[in-house]
Protein chains: 2
Amino acid sequence: MEISEFSFTISPMFEFQITAKNNRARTGIFTTPHGDLLMPLFAPVGTQATVKTLTPEHLKDINATLVLANTYHLYLRPGDELVRDLGGLHRFMQWPRPMLTDSGGFQVFSLSQTRKIDDDGVTFKSHIDGSTHRFTPEKSIAIQENLGADIIMAFDECADPNNGTYIQQSMQRTHVWAERCLHAKVRPDQALFGIVQGGISPELRTQSAQFIASLDFPGHAIGGLSVGETKAEMHSMLEIVNDILPVGKPRYLMGVGSPEDLINGILRGVDIFDCVLPTRLARHSAAFTPAGRINLMNASYAHDHTPIDETCFCYTCRNFTRAYLRHLIIAKEMLAATLLSIHNIHFLVSLMKSSRQAILENRFASFSADFLHSYQPRPKRGE
Amino acid sequence: MEISEFSFTISPMFEFQITAKNNRARTGIFTTPHGDLLMPLFAPVGTQATVKTLTPEHLKDINATLVLANTYHLYLRPGDELVRDLGGLHRFMQWPRPMLTDSGGFQVFSLSQTRKIDDDGVTFKSHIDGSTHRFTPEKSIAIQENLGADIIMAFDECADPNNGTYIQQSMQRTHVWAERCLHAKVRPDQALFGIVQGGISPELRTQSAQFIASLDFPGHAIGGLSVGETKAEMHSMLEIVNDILPVGKPRYLMGVGSPEDLINGILRGVDIFDCVLPTRLARHSAAFTPAGRINLMNASYAHDHTPIDETCFCYTCRNFTRAYLRHLIIAKEMLAATLLSIHNIHFLVSLMKSSRQAILENRFASFSADFLHSYQPRPKRGE
């Protein structure tokens with residue numbers, strides 16, 4: 001096992017320091033204009049400039065650091081220019097810590113019935129009112145500069161990994177767009193991350209990681225995973241890509257948020273994760289525990305006077321019984337979603353903290369093995 | 001103007017002290033097993049053992065003291081015996097300050113299609129599953145003793161005030177039930193309040209206030225108002241009743257919560273108010289301001305960078321713009337209801353604090369006149 005300490009100045013306003021390594025797993029500090037990010041980290045998602053059902057105070061209590069917001073949604077509503085005029089996203093939603101915006105690409109390409117892609121960009125219809133809009137790499141960067149997050153993302157195409165011919169064409173388009181995003185970017189207080197695509201093809205992933213790494217982005221993301229491939233395929237792609245991406249820049253696995261995926265990602269050198277999973281599960285009565293997920297709507301919890309997790313220090317577990325949470329769920333009270341969201345995000349944020357500690361103490365191999373042994377994931381990926 | 005100081009020991013666990021009087025308006029301290037209540041006060045409503053969309057921490061930050069919960073709802077779901085087995089309502093919902101439960105009567109009588117009243121009690125069908133249940137005065141007290149609030153209410157009938165013949169019969173039934181509740185009550189750590197009925201008839205209200213006052217309850221409530229009568233009728237009934245009820249016991253005007261009704265109630269000697277209005281308005285995008293209500297869905301707030309109320313110190317006003325709140329509303333984000341509930345309850349709790357201060361400083365006449373002059377209530381009562 002090696003313990004390394006590296007420091008990389010990425011730009012005048014961003015710095016990355018690796019504080020420890022256990023095989024591929026590593027801890028680091030990413031310095032941004034809104035504060036330091038201790039990594040590995042999990043970022044909760046505030047799609048519409050709010051992490052659903054939570055106040056910023058809740059998120060601070062949970063010790064969340066990075067919060068993600070979605071460019072597609074905020075462009076359509078309330079509009080990126082309005083957010084800019086009101087002082088940017090941090091001020092608008094009162095999140096004083098670092099933020100990240102995606103490029104809008106993923107959402108736009110998900111509108112499979114109502115969008116049309118060409119080599120210059122994509123034309124799509126709003127899911128809100130059906131109005132027609134167009135994103136190009138330059139437009140995505142302009143919107144993200146209006147929103148003002150600390151980390152912004154290159155405009156990429158996330159194609160179906162099982163569509164072999166198309167995935168190559170799509171990857172090459174993503175590469176051209178990555179260069180256009182770099183050229184379009186103006187603000188010095190935002191770090192633009194490039195995105196590696198290439199589906200589940202080792203050759204394409206290699207090619208994409210090499211090309212994206214060559215562009216000298218301040219950080220890199222791995223896109224197009226957790227979209228239908230197997231866990232083994234995801235792990236294999238992570239290993240291929242992270243062995244190519246430069247060590248001295250943060251690595252972000254997009255849209256991944258189950259506890260086992262986080263641990264498996266860290267084992268393969270990932271530093272940043274984000275996902276709607278903890279808040280979405282909360283709205284469907286499900287909670288993470290060290291043994292796996294439970295659903296609090298279950299009648300077996302009706303008289304249960306214990307918290308969700310006896311070992312958890314979150315506000316919900318320090319105060320409320322499973323019986324009370326089940327009552328709120330059955331009575332359709334909104335507080336249920338709030339209390340479960342607090343717990344589920346806290347669970348992932350704490351898992352990242354324990355992982356950092358284990359890496360710093362050079363015991364992540366046993367820590368991760370123990371966790372994966374105890375935690376029973378759902379048999380299927382349909383989370 | 002007279003400034004008085006009285007202290008009344010009501011029972012070993014309850015004490016009432018009047019600290020100041022301005023005409024009929026008064027300030028007081030009601031000591032309960034879960035702490036002192038400074039009055040006049042506004043109690044937010046936690047119908048199903050949760051003040052909708054808020055955590056207990058939010059309510060503590062707002063300086064709410066008394067919280068009301070509904071016996072009818074909790075009896076049906078999750079069941080009063082379950083709440084008792086889990087340590088009572090305070091522990092179940094984690095509210096460490098005083099609580100009040102109603103008798104269940106108001107809700108049961110509201111089920112006009114599916115309930116049948118006789119002199120012994122009322123048989124009704126659950127709004128949840130249609131199952132048949134029966135409340136009697138003794139049953140209501142037994143449920144409230146299981147729930148364990150500090151203040152519990154006598155089982156009464158709240159009849160249509162415009163039904164002249166029936167209202168007298170109903171009042172007499174309420175009087176018999178009040179005596180049965182007093183006899184049924186066992187727990188020494190709960191104060192049982194009697195309820196004055198009598199519709200909008202000065203004669204019946206006089207008769208009811210005299211009878212209920214004669215029973216030596218530790219506190220009194222005025223029921224059957226804010227159910228369709230005019231403001232002038234409400235004010236007249238309050239004056240008649242409060243001139244009869246003994247000075248040395250707290251007076252609670254049930255189900256009243258608009259700012260102007262609170263001020264008008266205090267002017268007529270009321271100490272305690274409760275209402276779902278602030279949280280219900282919040283879920284319909286409306287917010288109290290010193291000038292009257294505003295609805296934040298209005299397009300005029302889309303670019304408004306000011307808080308709901310520049311003079312307000314609540315969490316919402318200290319942090320968020322009208323533009324952000326409007327965005328949350330338009331985007332159907334649950335956080336909107338949370339942030340507006342915080343503001344609206346804070347508005348009423350603060351109005352009660354300012355009222356207490358004005359009474360203590362012997363200037364409630366001018367304070368109330370100024371408030372009622374500035375605050376524009378809705379033209380209609382349909383809140």
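Among all residues of segment A:303-310, there is none that is touching a helix residue (DSSP H, G or I) at 6+ places or on another chain (Cβ under 6 Å) and touching a residue at least 40 places away in the same chain (Cβ under 8 Å).
Among the residues of segment A:281-298, those identified as free of Cβ contacts under 8 Å to residues at least 24 places away in the same chain and not polar (S, T, N, Q) are A:HIS284, A:ILE294. Among residues belonging to segment B:332-374 that are farther than 20 Å from B:LEU66 by Cβ and among the aromatic types (Phe, Trp, Tyr), point out the one that is farthest from the other protein chains (Cβ to nearest Cβ). The qualifying residue farthest from the other protein chains (Cβ to nearest Cβ) is B:PHE364. Restricting segment A:87-104 to residues that are part of a helix (DSSP H, G or I) and touching a strand residue (DSSP E or B) at 6+ places or on another chain (Cβ under 7 Å), the residue that is nearest to B:HIS327 (Cα to Cα) is A:LEU89. Could you tell me whether segment A:82-96 includes any residue that is without any contact (Cβ under 8 Å) to a residue 40 or more places away in the chain and more than 14 Å from chain B (Cβ to nearest Cβ)? No, segment A:82-96 contains no residue that is without any contact (Cβ under 8 Å) to a residue 40 or more places away in the chain and more than 14 Å from chain B (Cβ to nearest Cβ). Quick check, is A:PHE106 touching a Cys at 6+ places or on another chain (Cβ under 8 Å), more than 24 Å from B:TYR301 (Cβ to Cβ) and more than 13 Å from chain B (Cβ to nearest Cβ)? Against the criterion (touching a Cys at 6+ places or on another chain (Cβ under 8 Å), more than 24 Å from B:TYR301 (Cβ to Cβ) and more than 13 Å from chain B (Cβ to nearest Cβ)), A:PHE106 qualifies.
Could you please let me know if B:THR321 is out of contact with any strand residue (DSSP E or B) (no Cβ under 9 Å at 6 or more places or on another chain) and within 11 Å of chain A (Cβ to nearest Cβ)?
So B:THR321 fits the description; yes.
Scanning segment B:227-257 for residues that are surrounded by fewer than 21 Cβ atoms within 10 Å (Cβ to Cβ) and among the hydroxyl-bearing types (Ser, Thr, Tyr) turns up B:THR230, B:SER236. Checked across segment B:298-317, the condition of being within 14 Å of B:LEU348 (Cβ to Cβ), surrounded by fewer than 21 Cβ atoms within 10 Å (Cβ to Cβ) and aliphatic (A, V, I, L, M) holds for no residue.
Taken over segment A:18-64, the criterion of being under 17 Å from B:LEU339 (Cα atoms) and not polar (S, T, N, Q) is satisfied by A:GLY46, A:ALA49, A:VAL51, A:LYS52, A:LEU54, A:PRO56, A:GLU57, A:HIS58, A:LEU59, A:LYS60. Out of curiosity, is A:GLY194 part of a loop (DSSP other than H, G, I, E, B) and surrounded by 24 or more Cβ atoms within 10 Å (Cβ to Cβ)? Judged against the criteria, A:GLY194 is not a match. Out of all the residues in segment B:105-157, which are hydroxyl-bearing (Ser, Thr, Tyr) and assigned to a strand (DSSP E or B)? Within segment B:105-157, B:THR123, B:THR132 meet the criteria. Of all positions in segment B:116-138, none carries a residue that is crowded, with 24+ Cβ neighbours inside 10 Å and among the β-branched types (Val, Ile, Thr).
Scanning for something within 24 Å of B:ALA365 (Cα to Cα), within 15 Å of the chain's Cα centre (by Cα), crowded, with 21+ Cβ neighbours inside 10 Å and not basic (Lys, Arg), does segment B:274-293 turn up at least one residue? Yes, segment B:274-293 has at least one match.
Residue count for segment A:197-207 under the criterion of being of a type in the set (Val, Ile, Thr) and assigned to a helix (DSSP H, G or I): the result is 1. Considering the conditions (1) outside any strand (DSSP E or B); (2) without any contact (Cβ under 8 Å) to a residue 24 or more places away in the chain, A:THR9 is excluded by exactly one of them, (1). Against the condition in a helix (DSSP H, G or I), at pLDDT 95 or above, among the hydrophobic types (A, V, I, L, M, F, W, C) and closer than 30 Å to A:PRO377 by Cα, how does A:LEU182 come out, does it pass? Against the criterion (in a helix (DSSP H, G or I), at pLDDT 95 or above, among the hydrophobic types (A, V, I, L, M, F, W, C) and closer than 30 Å to A:PRO377 by Cα), A:LEU182 does not qualify.
The residues on offer are A:ALA365, A:ALA337, A:ALA323, and the sole one that is in contact with an Asp or Glu (Cβ under 6 Å, 6 or more places away or on another chain) and surrounded by fewer than 24 Cβ atoms within 10 Å (Cβ to Cβ) is A:ALA323. For B:LEU89, the criteria (1) within 22 Å of B:GLY219 (Cα to Cα); (2) of a type in the set (A, V, I, L, M); (3) surrounded by 23 or more Cβ atoms within 10 Å (Cβ to Cβ); (4) more than 18 Å from the chain's Cα centre (by Cα) hold in every case but one, which is (4). Being more than 11 Å from chain B (Cβ to nearest Cβ) and farther than 24 Å from A:LEU54 by Cα is a property that A:LEU100 lacks.
Against the definition (crowded, with 21+ Cβ neighbours inside 10 Å, at pLDDT below 95 and under 25 Å from A:ASP189 (Cα atoms)), how does A:PHE106 come out, yes or no? Yes; evaluated as a whole, the condition is true for this residue. Would segment A:6-22 turn up any residue that is at pLDDT 95 or above, in contact with a helix residue (DSSP H, G or I) (Cβ under 9 Å, 6 or more places away or on another chain), more than 30 Å from A:GLU239 (Cα to Cα) and of a type in the set (A, V, I, L, M, F, W, C)? No. Taken together, the residues in segment B:318-369 that are among the charged types (D, E, K, R) and under 24 Å from B:ASP261 (Cα atoms) amount to 4.
Looking at B:ARG293, B:ARG280 in this structure, which one is within 14 Å of chain A (Cβ to nearest Cβ) and basic (Lys, Arg)?
None of the other options fit; the residue is B:ARG280.
Here is a yes/no grid of residues against (1) under 18 Å from A:LEU225 (Cβ atoms); (2) touching a residue at least 12 places away in the same chain (Cβ under 8 Å); (3) among the hydroxyl-bearing types (Ser, Thr, Tyr):
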position: A:GLN144; (1), (2), (3): no, yes, no
position: A:CYS158; (1), (2), (3): yes, yes, no
position: A:GLN169; (1), (2), (3): no, no, no
position: A:GLU179; (1), (2), (3): no, yes, no
position: A:GLN190; (1), (2), (3): no, yes, no
position: A:GLN207; (1), (2), (3): yes, yes, no
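Here A:GLU310 fulfils each of the conditions (1) more than 25 Å from the chain's Cα centre (by Cα); (2) within 14 Å of another protein chain (Cβ to nearest Cβ) apart from (2).
The values are calculated or read from the model by the stated rules, or taken from the named source; none is laboratory data. Owing to the predicted nature of the structure, the values given are computational and were not obtained by experimental measurement. In this analysis, Cβ positions are derived from the backbone assuming ideal geometry, glycine residues included, and neighbour counts consider all displayed protein chains.
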